[in-house]
Amino acid sequence: MDREHCGNFLRTRMKMQKGISRVLRSTKFLFGRYWEHSKAFVVLILLLNLILSAIPLIIAWTTRSFVDQLAGMTQDSSDWIPNSLFLLALCLVGFLFMQDYLSILLSYLDERKGRNLLVQTKMAVYERIGSFGGIQLFEQPAFFDLLRMVMHSAQSGHQQVFQTLLRTCRNVVLLLAFALAILSYSPLILLVIAISTLPQITNHLHSNHENKQLDSEIGPHERNAYYLEHLLTNSSTIKEILALGIGSHLRNDLQNRLLMIASFMIHSERKRLKTSTTNRVLIGIAQGLSLLIITAMVSTREIGVGDVAFLIAGSQGILSATIGILEGFSLIHSQSLYFEDYEKLVNLVDPIITGGSRKKMSGLLGEIRFEGVSFRYSTNLPWVLRDVELSIRAGESTAIVGQNGSGKSTLIRLLLRLYDPTCGTIYWDGVDVREFPVEDYRKTIGVMFQDYARYQLTVRENIGFGDIENIHEIGRISRAARLSGADNVVQGLSNNYETVLSKWNTQENGGVDISGGEWQKIALARLLMREASLYILDEPTSNLDASSETAFNKGFSENKRGKTFLISSHRLSSIMMADNVALLRDGKITDYGPPQRLLNSSELFFPLEQRESFSERTDSL
Ligand SMILES: Nc1ncnc2c1ncn2[C@@H]1O[C@H](COP(=O)(O)OP(=O)(O)O)[C@@H](O)[C@H]1O
Ligand SMILES: [Mg+2]
């Protein structure tokens, strides 16, 4: 039993030590941020706080003198009220006013600073995320949960904690001042209050850890609920939801998730209620005992009525300061758990080496070579690419063909360094691509993804994003649109290139929505906007109708000369226009050569031909 007690004591002590060091660390972090942002603000705030922390004691003293004078007056039984009593009453009102007004002023000042810091913190997080070279982290749910928690603490945390921190400092000053004053009357009152508050410290620490644990348990449910809410309100998904009549199914799912989150929260609130009740009972006992002690002191004539007023105000002051300190400590502690998330996020290691050791990145002169490239998305997933050997020669067009899931898009992601190969190397004119700074490297490549983005912005931005430095060059934008066939789309729009491609993201009803094929032409124009050493097109014609595809193929044949293309496509016509075709099967390159030779020799073309004729038949319907 003794050993058990000892163990409990040690655990509590360790918890407290850890808690205190956490609070100190986050205090340092936070003060550092405010100090960096504005030194004058911090000095002003500290000064106001110092004044504010002295006021309650002054009020208590003034009350004591006021009550004493009042008592003296009733004993004198004189009719007139002395001037000094008026003065004391005036002072009392003045101090009470100052106490309230300074609090209001402080919270305004802090709100102002907090708002600016919130923007700064959010931008720091986005900058950090933006500095990740690859997309691996974005595909991990744990990353999203972390991000959510960091944003949550950024939203409320900084400002709330700073305010609490100052209030806690104020309470410490107040507590010490009252404690010293009361000590001269009765150490017993102090002892009673101290004993009643000790168990509350561990209660607070414990519930903070539980809340943090709760947040991580709720995380996946909130993520899913958020996704379902997005599905149910998004214009691109709602049409299918209505057509398929799956709304109530999704709503049920959402309801279950929300109920799950609610039950977690209610459970936690119930625990909080229990802790708060215990804490409040302890405070009540302390208040009762203090009153008893004061009454005993009055009965033995140790103190007068003014002292009684002071002692009641003082012991109440000590209690509320202590509760304030405990709650403040608890809040800072709980936020410090979130600050740890912030640090975790800021210190996340991006698996892509972004810096590179080479300063110069030249255009492609010879070839890009995949040497023994193997890849899997994670160690517990199967290999997607296996020992890929492939050459993409400068000035030629290379097509990758393979069934769905054979790894074409993955190969493109590796080439773009959105992931790095698990084994093997990709060489750019003989240099390992990891040696180039990733931003410079990507500037030399133009890409159109299979699942390209549809920016709900103007046509000009949608195309100009292909070469952000020339986003205002309308001549270049219209040339790219002409090449991709998007100019026909633009001609039909009321504001031409300034038309917003969104029904939703406009101030007035100026936006439009366009068809899937039209979006693809815009995406293609975005790719063609860039002067690149290598153009990558992942299934570029999958959404185009037969005539648009013919136009694309014609444009491609006319423009491909001298440029380096890598195309993945299941359309035979696109493949036939390439100089070389690589067949990808189960993650391996199984054949490579000119399309004509492969058309006759490879068994892979057979099902493709079937699919082609099928798609031609459906296109002509
Ligand atoms: N982000 C990812 N995480 C895990 N597996 C993935 C991911 N993306 C694709 N895959 C898997 O990798 C394989 C190849 O996919 P992909 O390269 O998109 O094929 P393709 O473009 O040839 O259709 C598929 O089995 C797919 O399920
Ligand atoms: Mg693909």
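The values are calculated or read from the model by the stated rules, or taken from the named source; none is laboratory data. Just so we're clear, the structure is a prediction, and the values are computed from it rather than from any experiment. As a convention, Cβ positions derive from the backbone with ideal geometry for all residues, glycine included, and neighbour counts pool all protein chains shown. When the accessible area is computed, the model is the full protein with side chains, heavy atoms only, and any ligands, DNA or RNA have been set aside. Shrake-Rupley method; radii C 1.70, N 1.55, O 1.52, S 1.80 Å.
With all pairs of different alpha carbon atoms counted, what Kirkwood hydrodynamic radius in Å does region 146-295 show?
It works out to 19.8 Å.
If I model region 103-203 as equal point scatterers sitting on the Cα atoms and use the Debye formula, what is log10 I(q)/I(0) at q = 0.12, 0.15, 0.19, 0.22 Å⁻¹?
Each listed q maps to, in turn, -0.67, -0.81, -0.98, -1.11.
If you bin the C-alpha pair distances of region 210-338 every 5 Å from 0, what whole percents do you get?
Going from the shortest bin to the longest, the percentages are 2, 8, 12, 12, 10, 9, 8, 7, 7, 6, 5, 4, 4, 3, 2, 1, 1, 0.
For E127, project a label point 7 Å along Cα to C-beta. Then give me every residue of region 28-56 with its amide nitrogen under 20 Å of that point.
Zone members listed by number: 29-39.
On the accessible surface of region 455-526, probed at 1.4 Å, how many percent belong to carbon and sulfur atoms?
Summing carbon and sulfur atoms, their accessible area is 45 percent of the total for region 455-526.
Dividing the Cα radius of gyration by the Kirkwood radius, what Rg/Rh value follows for region 284-329?
So for region 284-329, dividing Rg by the Kirkwood Rh gives 1.08.
Taking a quarter of the surface of the Cα convex hull of region 367-435, what do you get in nm²?
Projected area, direction-averaged: 4.7 nm².
For the pairs K344/K443; K39/K344; K122/K443; K521/K563; K443/K554; K563/K588, flag any whose C-alpha to C-alpha distance is greater than 24 Å.
Result: K344/K443; K39/K344; K122/K443; K443/K554; K563/K588 exceed 24 Å.
For helix 516-528, report the angle its Cα long axis makes with the longest principal axis of the Cα atoms of the chain; keep it between 0 and 90° and round to the nearest 10°.
For helix 516-528, the angle is close to 90 degrees.
Give me the distance between the Cα centres of region 514-528 and region 279-339, rounded to whole Å.
Their Cα centres are 70 Å away from one another.
How large is the Kirkwood hydrodynamic radius of region 277-380, in angstrom, based on all distinct alpha carbon pairs?
Value: 21.2 Å, from the Cα pair sum.
Two decimals, Cα atoms only, Kirkwood Rh: what is Rg/Rh over region 479-574?
That ratio is 1.01, to two decimals.
Between L188 and L109, with labels modelled 7 Å along Cα→Cβ, what's the label distance in nm to one decimal, could you check?
The answer from the label model is 4.3 nm.
With each run of n ≥ 4 DSSP H residues scored as -39500 (n - 2.57), what mean residue ellipticity at 222 nm is computed for the chain after dividing by its residue count and rounding to the nearest 500 deg cm²/dmol?
Result for the chain, helices only: -23000 deg cm²/dmol.
Compute the Kirkwood hydrodynamic radius of region 539-587, taking the inverse of the mean of 1/r over all pairs of distinct Cα atoms, and give it in Å to one decimal.
11.6 Å
Per residue, how much accessible area does the chain have with a 1.4 Å probe, in Å²?
Per-residue accessible area for the chain comes out at 53 Å².
Calculate the all-directions average of the projected area of region 455-526's alpha-carbon convex hull, and give it in nm².
Average of the hull's projected areas for region 455-526 equals 4.2 nm².
Suppose every K and R has +1 on its Cβ and every D and E has -1 on its Cβ; what is the size of the dipole of region 455-526 about the Cα centre, in Debye to the nearest 20?
200 debye
With no solvent and one equal point scatterer per Cα, compute the Debye intensity ratio I(q)/I(0) for the chain at 0.05, 0.07, 0.10, 0.11 Å⁻¹ and report its log10, rounded to two decimals.
Treating every Cα as an identical point scatterer, log10 I(q)/I(0) equals -0.41, -0.68, -1.03, -1.16.
Restricting to Cα pairs below 8 Å that are 6+ residues apart, what does the relative contact order work out to for the chain? Please round to a whole percent.
Worked out over the chain, it gives 14 percent.
In debye, nearest 20, what is the charge dipole magnitude of the chain about its Cα centre with +1 on Lys and Arg Cβ and -1 on Asp and Glu Cβ, if you could check?
980 debye
Rounded, prolate or oblate: which fits region 403-531 when a ≥ b ≥ c are the square roots of the eigenvalues of the alpha-carbon gyration tensor, with rounded for a/c under 1.5 and prolate only if a/b beats b/c?
The shape class here is prolate.
Using Stokes-Einstein with the Kirkwood hydrodynamic radius over Cα pairs, what translational diffusion coefficient do you get for region 170-257 at 4 °C and a viscosity of 1.567 mPa s, in µm²/s rounded to a whole number?
72 µm²/s
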